[in-house]
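In what follows, a single structure is set out as structure tokens and then discussed.
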Amino acid sequence: MQTAIKPIKPPVVNPLRYIISRNPRWNGMNGVEMVGRLVILLLFGAFFVMPLVWLAIAPTRVWRDMYDLNQSPLSIGPLSNYIVAWNNIAMFGQSLMVTWTINSIWYTLSSVFLSIAISIPTGYVLAVMKFRGRQLVMWLTLITMILPGSAMVLPLFLEMNLVRLVNNPWSVILPSAFAPFGVWLSYVYYSVTLPKDLLAAGKVDGCNEWQLFWNIGMPLGRTIIATLAFLTFNGAWNNYFLPFVMLNQKETFNLPLGIAALMNATAGSPTFLRELPINEPEKALGGLFMIVPVMIIFLFAQKYVVRGLAAGAVKE
Amino acid sequence: MAVQTSAMVNAPIRSAKRLRVNPAYLFLLPYLVAMLLFSLGPAIYALLLMFATFKVGRPQFFEAGFTNIVTALKDPYLLPAFENVLRFLVVSVPFGLVFVILLALLLHARPNRFSLLMRTIYFLPGAVTGPALVMLFLFTFNPDLSVFRALLHFMGYTDLKQVVNNDTAPVVFTLMGFFGGAGGWIAVFFGALQGISEELIEAAIMDGCNPIQLAWLIKRPLITRYVAFMLINVLAGNVQLFAEPQLMSSASATISNEWSPNLVSYTWAFGIGNFGASAVVSVLMMLIGIVCAYAVIRATNFYSTEQTNAE
């Protein structure tokens, strides 16, 4: 087929050609498509990034200036205002912000540890071992995965009330032990990636089931462990409804509850913060406290997030 | 150990067999206990509470008959709350699907450094959820403060309550959800698109596909599996709105404090102290959640529990 090979044409002078003709250097797009693509991508980029930029510079400003229509919404004040905002926040209670941050960290870490310690072995067993009742466990996992988590919060509260765990951090940590989605993901992961021959070889070498899991399943499961760790971290760090119902003493709050209290501080609702100098810069700084750690993790763990979201869909 | 050995000497085969528990059950035990305590247990407890009264502080089971159910269903806020969520879903699900797919396809039309940068930019707001997300948007939707002040003024808005109120809530929550959630799904779809083989795309180009046809006819069908998965997740997540309307209501009084079913249930329990009626709303939400998820799963044939091991 000699006719299929066309000689490369010399550059066309007429600019109209760029608009209509397809340019191989632009993956076959013509000028209109190329510009349209850029405009749409950048417009959405602005939607996603501008509010975050605003939030980052808000603590540098004075709240009255922020309402001044003659000033740009993106004008930056002195960086030292960050410290002023922090001191204002520190005025409520004995540095509650620090307490909330510490609470958030330990609630989150315990939740991550607990859910992984239970989900990974369960997913592994469902994938590699045969036993009576396996189908039942699979079905229960799917059904409980579907149960809307937030509809369970109030019954869970009454249950915790029965065992007198309300206002105790464990009422927020313990429920994360049950992670049907994590079980499902690790089940899918192990049934797709774990070579059966390897397990058989391990058995021949005299490993019992526990040793097989510990020496083969765990090391080969590093990817799914990281993915689940990320997902659980994200869920627990941002958990609001459950702690909102379970914890009502401000010393036990996590960051989301603390931020909510900050937001309500000047909203005219009778909270304990009402008399304090909590305005837009202080609220923004509180929000950054909650967001920035997660954002840093997001930057470095992008592939785990993507894998975590997609993992449930990759089963053929 | 000693007892066991002697028993095995006496009846070597039989007792050894009887003592042996499949280790799978030991692995599963913690999970099953957790399931009972934190999922099935509360669900069953909620079913019981529907028929219980709380006369002396402790639940009196089966005392209430159907009165809780009647009380809860007669609540004038209940139906509007479900309507609100439905209106929200009608806006948010198509909006989310269309723009997530569009952006993923546009990024993939020319995968280069710029695409990767934009993907990361779309992705980062995923770190903003719950109260932080509500706070950010109370600022962003406030025509005085907003970084998009010029746009809001241009559209004729001068006050937060014009932008955020019960009528605009479905759009407001859609934009908030898109801000926080779209990037993750865009990255997922982008990843899926990168899995499409070069040969397939080259063959399509040889056959005369332009980029738009390529995206719509070749790439889009190959990611529908992910679309189904996203649909399940987005539906499940969106029905459960609590933090957003609750905080919008408490921090700015722009949105009704009984906007979503979760808020109605919460008010029954902690505002009024009627845990029976609260349980009715919880059970109703569970039922709707199960029916919807079941419908989507059946329609897309998504989960199969019989695993064929990939060799």
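Computed from the coordinates by the stated procedures, all read-outs in this text should not be read as laboratory data. Computed from a predicted structure; not experimentally measured. Here the Cβ positions follow ideal geometry from the backbone for every residue, glycine too, while neighbour counts run over all protein chains shown.
A few notes on this one:
- Listed pairs A:K130/A:K203; A:K250/B:K161; A:K130/A:K196; A:K250/A:K283 exceeding 22 Å between Cα atoms: A:K250/B:K161
- Averaged over the residues of A:197-207, the number of partner chain Cβ atoms lying within 10 Å of the residue Cβ comes to 0.
- Dividing the mean sequence gap of close Cα pairs (under 8 Å, 6+ apart) by how many residues chain A holds gives a relative contact order of 25 percent.
- For region B:33-56 versus region B:201-262, the inter-centroid distance based on Cα atoms is 33 Å.
- Separation between Cα centres of region B:86-164 and region A:285-302, rounded to whole Å: 18 Å
- Environment charge at B:L152 (Cβ cut-off 12 Å; Lys +1, Arg +1, Asp -1, Glu -1): -1
- Pair-distance distribution P(r) for chain B, from all Cα-Cα distances in 10 Å bins starting at 0: 5, 18, 23, 22, 15, 10, 5, 2, 0, 0 percent.
- DSSP H segments from chain B that extend 27 Å or more along their own axis, Cα-based, with Kyte-Doolittle mean of 0.0 or above: B:78-109, B:169-194, B:275-300
- Peptides B:160-172, B:61-73, B:262-274, A:137-149 ranked from most to least packed by the mean count of surrounding Cβ atoms within 10 Å: B:262-274, A:137-149, B:160-172, B:61-73.
- Over all orientations, chain A has a Cα convex hull whose mean projected area works out to 29.0 square nanometres.
- At least 20 Å along the helix axis (C-alpha) and Kyte average at least -1.0, DSSP helices within chain A: A:31-57, A:96-128, A:222-237, A:280-300
- Stokes-Einstein diffusion for region B:83-254, with the hydrodynamic radius set to the Kirkwood value over Cα pairs and evaluated at 25 °C in a medium of 0.890 mPa s, equals 139 µm²/s.
- Estimated inter-spin distance, A:L299 and B:L79, nm [label 7 Å along Cα→Cβ]: 5.2 nm
- Gap separating the Cα centres of region A:45-99 and region A:144-170, nearest whole Å: 36 Å
- Note on chain A: with charges restricted to the Cβ of Lys and Arg (+1) and Asp and Glu (-1), its dipole about the Cα centre is near 1180 debye.
- If only the Cβ of Lys and Arg carry +1 and only the Cβ of Asp and Glu carry -1, the dipole of the protein assembly as shown around its Cα centre is close to 1320 debye.
- Across region B:159-301, the relative contact order, built from alpha-carbon pairs under 8 Å that are at least six residues apart, equals 22 percent.
- Anisotropy class of the protein assembly as shown from Cα gyration tensor, a/c 1.5 cut: oblate
- Taking every residue in B:139-147 and counting other chain Cβ atoms within 10 Å of its Cβ, the average works out to 6.
- When only Cα pairs below 8 angstrom with a gap of at least 6 residues are kept, chain B shows a relative contact order of 24 percent.
- Among A:R134, A:R37, A:R164, residue whose mean-square fluctuation peaks in a GNM of chain A (springs only between Cα atoms under 10 Å): A:R37
- Using the Cβ of A:E33 as centre and a radius below 11 Å, the other residues enclosed give a net charge of +3, where K and R count +1 and D and E count -1.
- Summed side-chain charge close to B:S260 - residues other than B:S260 whose Cβ falls under 12 Å, Lys, Arg +1, Asp, Glu -1: -2
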